[in-house]
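> Sending over a structure as structure tokens; questions will come in a sec.
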Amino acid sequence: QVQLVESGGGLVQAGGSLRLSCAASGRPFSTYIMGWFRQAPGKEREFVAGINRSGGSTSYADSVKGRFTISRDNAKNTVYLQMNSLKPEDTAVYYCAADTAVTSYFRNYDMDYWGKGTLVTVSS
């Protein structure tokens with residue numbers, strides 16, 4: 001089992017920044033691929049960013065490229081999402097998720113474990 005707990009959400013003005021954290025416990029953290037997803041009101045949950053086991057490879061949704069950065073600290077069992085130049089359309093509940101497979105396509109159904117989410121609200 002893997003437990004994931006997100007933190008760092010809140011209210012920010014457009015153009016501002018937030019840093020989300022996701023602390024993991026259970027299996028050794030370095031054995032799973034990590035991703036951030038988000039779900040806006042009335043919309044389906046969507047992929048935001050992903051990172052491989054070592055942290056050497058990352059991927060991003062087109063909507064956040066150049067603004068968001070995913071990183072991980074395997075010694076601290078934590079994955080981060082640095083969000084800059086935030087826009088009102090970034091408002092959503094943000095979830096971290098873990099995939100125990102060797103590779104991941106970061107589809108919702110690929111992910112094996114999910115956190116409960118943290119709310120990010122960007123005001124205009």
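> Can you give me the number of residues within the range 53-62 that are at pLDDT 95 or above, surrounded by fewer than 17 Cβ atoms within 10 Å (Cβ to Cβ) and under 14 Å from the mean Cα position of the chain (by Cα)?
3
> Out of GLN82, GLN13, GLN39, I need the residue that is under 17 Å from LEU119 (Cβ atoms), open to solvent by 30 Å² or more (accessible area, probe 1.4 Å), in contact with a Lys or Arg (Cβ under 7 Å, 6 or more places away or on another chain) and among the polar types (S, T, N, Q). Which one?
The match here is GLN39.
> Please go through the range 64-79 and give me each residue that is closer than 24 Å to SER124 by Cα and loosely packed, with under 14 Cβ neighbours inside 10 Å, ordered by number. Reasoning before the result, please.
Restricting attention to the range 64-79, the residues satisfying the condition of being closer than 24 Å to SER124 by Cα are 64-69.
Passing the criteria: LYS65, GLY66.
> Moving on to the next point. Run THR91 past the list (1) touching an Asp or Glu at 6+ places or on another chain (Cβ under 8 Å); (2) open to solvent by less than 40 Å² (accessible area, probe 1.4 Å); (3) in contact (Cβ under 8 Å) with a residue 24 or more places away in the chain and report the number of the one that doesn't hold.
Going through the list (1) touching an Asp or Glu at 6+ places or on another chain (Cβ under 8 Å); (2) open to solvent by less than 40 Å² (accessible area, probe 1.4 Å); (3) in contact (Cβ under 8 Å) with a residue 24 or more places away in the chain, THR91 breaks only (1).
> Moving on. Does MET111 fit the bill of being open to solvent by less than 30 Å² (accessible area, probe 1.4 Å), under 19 Å from GLN3 (Cβ atoms), aliphatic (A, V, I, L, M) and within 15 Å of the chain's Cα centre (by Cα)?
For MET111, the condition - open to solvent by less than 30 Å² (accessible area, probe 1.4 Å), under 19 Å from GLN3 (Cβ atoms), aliphatic (A, V, I, L, M) and within 15 Å of the chain's Cα centre (by Cα) - is met.
> While we're here: Could you please find all residues in the range 94-107 being open to solvent by less than 60 Å² (accessible area, probe 1.4 Å) and in contact with a Lys or Arg (Cβ under 9 Å, 6 or more places away or on another chain)?
Within the range 94-107, TYR94, TYR95, ALA98, THR100 meet the criteria.
> While we're looking at this one, here's another question. Kindly check whether there is at least one residue in the range 71-88 that is among the acidic types (Asp, Glu), more than 13 Å from SER54 (Cα to Cα), over 12 Å from the mean Cα position of the chain (by Cα) and modelled with pLDDT of 95 or more.
Quick first cut of the range 71-88, residues among the acidic types (Asp, Glu) only: 73.
Subset that is more than 13 Å from SER54 (Cα to Cα): none.
So far as the range 71-88 goes, no, none of its residues is among the acidic types (Asp, Glu), more than 13 Å from SER54 (Cα to Cα), over 12 Å from the mean Cα position of the chain (by Cα) and modelled with pLDDT of 95 or more.
> Do we have ARG45 as at pLDDT 95 or above and open to solvent by 60 Å² or more (accessible area, probe 1.4 Å) here?
yes
The values are calculated or read from the model by the stated rules, or taken from the named source; none is laboratory data. Computed from a predicted model, the values in this text were never measured in an experiment. Neighbour counts are summed over all protein chains in view; Cβ atoms, including those assigned to glycine, are modelled from backbone coordinates with ideal geometry. Protein only, heavy atoms only, side chains kept; ligands, DNA and RNA dropped before computing areas. Shrake-Rupley method; radii C 1.70, N 1.55, O 1.52, S 1.80 Å.
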